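This report refers to the structure that appears directly beneath it.
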Amino acid sequence: MTVERKLTIREAYVEASSFLQGHEVSEASNCAELLLQHLLGWSRSEMLLRWQEMFPVELEGQWCELLKRKAAGEPVQYIIGEQDFYGRTFKVTPAVLIPRPETELLVEQVVMLGTELWPSQEASPLVADIGAGSGAIAVSLAAERPSWRLMSSDISSAALAVAKANAERLGVAGRISFLEGDLLAPYIQQGLRLDAVVSNPPYIPEEDEGGLMPEVRLFEPASALYGGKDGLVLYRRLIAQLKELTSMPFLVGLEVGMGQAKAVSDMLAAVEAWDGIRLVPDLAGIDRHVIAWKRR
């Protein structure tokens, strides 16, 4: 991929879109646009306003390198180092899973049900996010509900570094405590009384690895993708650990993979601690979240 010297910004974008389409990149035009905004340091509106300006000759080499990386399958979010989630822009690196739109629905459910359980604006429930990753869940909850107390944990120190950076850049670092450890173990060890537990654990069955898109299989961290032979190993362990907490949380919200909602719901039901359990579909109609709650 080379850029001819007398191209406008728009012409460079069209050429790049065609190049990526030729390499079977999904959403090639959107990827070209995001990469171009990143390279130029412009917002989308600024880029459109300056559409007919000449492409900067001094950026040709960097532009070609970005397009080569995308053509080779690297997720555009890792290339530009960002992903939008719940109305905010998060830093992402190959150390963390790229936040998905489906998980925004999990945040929405926790905010909604949490507000029903703790209606006072002064209420300060202790909410634990298990598997911090980029910090998307914990940071979003902290930003949406300033009175809530947040804790977030991950087994990966590299992921925690990204989550902490996002909490700092989005102004909620002082209200989230980060812990390194496996699932609920660090909370159990400290004897913490958690009011709510939320998690988007690894849930892809190991046997499904070959069917994943290359940009997922080859670039995103395996530790954040695979949940054992049937994809449910982490749910079994997490739900079993609930009984080891000082007291049972009032709210548990879990994201699940396709076809896993009933199995996870049954695991939670077996705990016999809830007033209700609901399955929440994603925008494609797939049951994507399992929410259990009990009245205070």
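Looking at ILE188, ILE130, ILE155, which is the one that is open to solvent by less than 20 Å² (accessible area, probe 1.4 Å), at pLDDT 95 or above and either touching a Lys or Arg at 6+ places or on another chain (Cβ under 7 Å) or among the aliphatic types (A, V, I, L, M) (or both)? Spell out the reasoning first.
On the way: ILE188 fails: open to solvent by less than 20 Å² (accessible area, probe 1.4 Å); ILE155 fails: open to solvent by less than 20 Å² (accessible area, probe 1.4 Å).
Of ILE188, ILE130, ILE155, the one residue that is open to solvent by less than 20 Å² (accessible area, probe 1.4 Å), at pLDDT 95 or above and either touching a Lys or Arg at 6+ places or on another chain (Cβ under 7 Å) or among the aliphatic types (A, V, I, L, M) (or both) is ILE130.
Take GLY181 and decide whether it is crowded, with 23+ Cβ neighbours inside 10 Å, touching a Phe, Trp or Tyr at 6+ places or on another chain (Cβ under 9 Å) and of a type outside the set (Val, Ile, Thr). If you could, list the steps in order and put the result at the bottom.
Numbers: crowded, with 23+ Cβ neighbours inside 10 Å: no; touching a Phe, Trp or Tyr at 6+ places or on another chain (Cβ under 9 Å): yes; of a type outside the set (Val, Ile, Thr): yes.
It is false that GLY181 is crowded, with 23+ Cβ neighbours inside 10 Å, touching a Phe, Trp or Tyr at 6+ places or on another chain (Cβ under 9 Å) and of a type outside the set (Val, Ile, Thr).
Hey, does the stretch 200-212 have a residue that's among the polar types (S, T, N, Q), surrounded by 15 or more Cβ atoms within 10 Å (Cβ to Cβ) and in a strand (DSSP E or B)? Steps first, answer last, please.
Step one: filter the stretch 200-212 for residues among the polar types (S, T, N, Q), giving 200.
Then drop every residue that is not surrounded by 15 or more Cβ atoms within 10 Å (Cβ to Cβ), which leaves 200.
Going one step further and asking which of them are in a strand (DSSP E or B), we end up with none.
The answer is no, given that none of the residues of the stretch 200-212 is among the polar types (S, T, N, Q), surrounded by 15 or more Cβ atoms within 10 Å (Cβ to Cβ) and in a strand (DSSP E or B).
Among the residues of the stretch 166-176, are any open to solvent by less than 30 Å² (accessible area, probe 1.4 Å), in contact (Cβ under 8 Å) with a residue 24 or more places away in the chain, part of a helix (DSSP H, G or I) and within 26 Å of MET248 (Cα to Cα)?
Taking the stretch 166-176 and keeping what is open to solvent by less than 30 Å² (accessible area, probe 1.4 Å), we get 166-167, 172, 176.
Remaining after also requiring in contact (Cβ under 8 Å) with a residue 24 or more places away in the chain: 166-167, 172, 176.
Cutting the leftovers down to part of a helix (DSSP H, G or I) gives us 166-167.
Now narrow it down to the ones that are within 26 Å of MET248 (Cα to Cα): none.
Looking through the stretch 166-176, none of the residues is open to solvent by less than 30 Å² (accessible area, probe 1.4 Å), in contact (Cβ under 8 Å) with a residue 24 or more places away in the chain, part of a helix (DSSP H, G or I) and within 26 Å of MET248 (Cα to Cα).
Of all residues in the stretch 271-296 being acidic (Asp, Glu) and out of contact with any helix residue (DSSP H, G or I) (no Cβ under 7 Å at 6 or more places or on another chain), which is surrounded by the fewest Cβ atoms within 10 Å (Cβ to Cβ)? Steps first, answer last, please.
To start, the set of residues in the stretch 271-296 that are acidic (Asp, Glu) comprises 272, 275, 282, 287.
Subsequent filtering for residues that are out of contact with any helix residue (DSSP H, G or I) (no Cβ under 7 Å at 6 or more places or on another chain) retains 272, 275.
Numbers: GLU272: 7, ASP275: 9.
Looking at residues that are acidic (Asp, Glu) and out of contact with any helix residue (DSSP H, G or I) (no Cβ under 7 Å at 6 or more places or on another chain), I get GLU272.
Collect the residues in the stretch 263-291 that are among the small types (Gly, Ala, Ser) and farther than 21 Å from GLY227 by Cα, keeping them in residue-number order.
Step one: of the stretch 263-291, the residues among the small types (Gly, Ala, Ser) are 263, 265, 269-270, 273, 276, 284-285.
Correct list: ALA273, GLY276, ALA284, GLY285.
With respect to VAL96, is the statement that it is surrounded by 13 or more Cβ atoms within 10 Å (Cβ to Cβ), under 15 Å from the mean Cα position of the chain (by Cα) and β-branched (Val, Ile, Thr) true?
Values: surrounded by 13 or more Cβ atoms within 10 Å (Cβ to Cβ): yes; under 15 Å from the mean Cα position of the chain (by Cα): yes; β-branched (Val, Ile, Thr): yes.
When the stated conditions are applied, VAL96 passes them.
Is the stretch 245-253 home to any residue that is farther than 14 Å from LEU126 by Cα and aliphatic (A, V, I, L, M)?
no
Here's the yes/no breakdown for (1) farther than 29 Å from ALA222 by Cα; (2) of a type outside the set (D, E, K, R); (3) out of contact with any strand residue (DSSP E or B) (no Cβ under 9 Å at 6 or more places or on another chain):
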residue	(1), (2), (3)
GLU116	yes, no, no
PRO125	yes, yes, no
ALA128	no, yes, no
SER134	no, yes, no
LEU150	no, yes, no
ALA161	no, yes, yes
ALA167	no, yes, no
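Looking at SER223, SER265, can you tell me which residue is part of a helix (DSSP H, G or I), within 20 Å of the chain's Cα centre (by Cα) and among the polar types (S, T, N, Q)?
Values: SER265 fails: within 20 Å of the chain's Cα centre (by Cα).
Just one listed residue meets the conditions, SER223.
Please find, among LEU268, LEU232, LEU238, LEU251, the residue that is in contact with a Gly (Cβ under 7 Å, 6 or more places away or on another chain) and open to solvent by less than 60 Å² (accessible area, probe 1.4 Å).
Numbers: LEU268 fails: in contact with a Gly (Cβ under 7 Å, 6 or more places away or on another chain); LEU232 fails: in contact with a Gly (Cβ under 7 Å, 6 or more places away or on another chain); LEU238 fails: in contact with a Gly (Cβ under 7 Å, 6 or more places away or on another chain).
After ruling out the rest, the residue left standing is LEU251.
Go over the candidates ALA224, ALA273, ALA263 one by one and state the one that is at pLDDT 95 or above and of a type outside the set (D, E, K, R).
Working: ALA224 fails: at pLDDT 95 or above; ALA273 fails: at pLDDT 95 or above.
Checking each option against the conditions leaves just ALA263.
List every residue pair whose Cβ atoms sit under 6 Å apart, with the two residues 6 or more apart in sequence or on different chains, where the first one lies in the stretch 274-296 and is at negative phi and acidic (Asp, Glu) and the second, anywhere, is in a strand (DSSP E or B) and modelled with pLDDT of 95 or more.
Hits for this filter: ASP282/ARG288; ASP287/LEU279; ASP287/PRO281.
Across the stretch 215-271, what is the total count of residues that are under 22 Å from GLU108 (Cβ atoms) and aromatic (Phe, Trp, Tyr)?
2
If the requirement is being surrounded by fewer than 21 Cβ atoms within 10 Å (Cβ to Cβ) and in contact with a Lys or Arg (Cβ under 9 Å, 6 or more places away or on another chain), which of these qualifies: ALA143, ALA161, ALA136?
Values: ALA161 fails: in contact with a Lys or Arg (Cβ under 9 Å, 6 or more places away or on another chain); ALA136 fails: surrounded by fewer than 21 Cβ atoms within 10 Å (Cβ to Cβ).
Of the residues listed, the single one that is surrounded by fewer than 21 Cβ atoms within 10 Å (Cβ to Cβ) and in contact with a Lys or Arg (Cβ under 9 Å, 6 or more places away or on another chain) is ALA143.
Residue by residue through the stretch 108-142, note down the ones that are part of a helix (DSSP H, G or I), of a type in the set (A, V, I, L, M, F, W, C) and touching a residue at least 60 places away in the same chain (Cβ under 8 Å).
VAL110, LEU113, LEU117, ILE137
The values are calculated or read from the model by the stated rules, or taken from the named source; none is laboratory data. Keep in mind that this is a model prediction, so the values were computed, not measured. In this analysis, Cβ positions are derived from the backbone assuming ideal geometry, glycine residues included, and neighbour counts consider all displayed protein chains. The accessibility values were calculated without ligands, DNA or RNA, using every heavy atom of the protein model including side chains. Shrake-Rupley method; radii C 1.70, N 1.55, O 1.52, S 1.80 Å.
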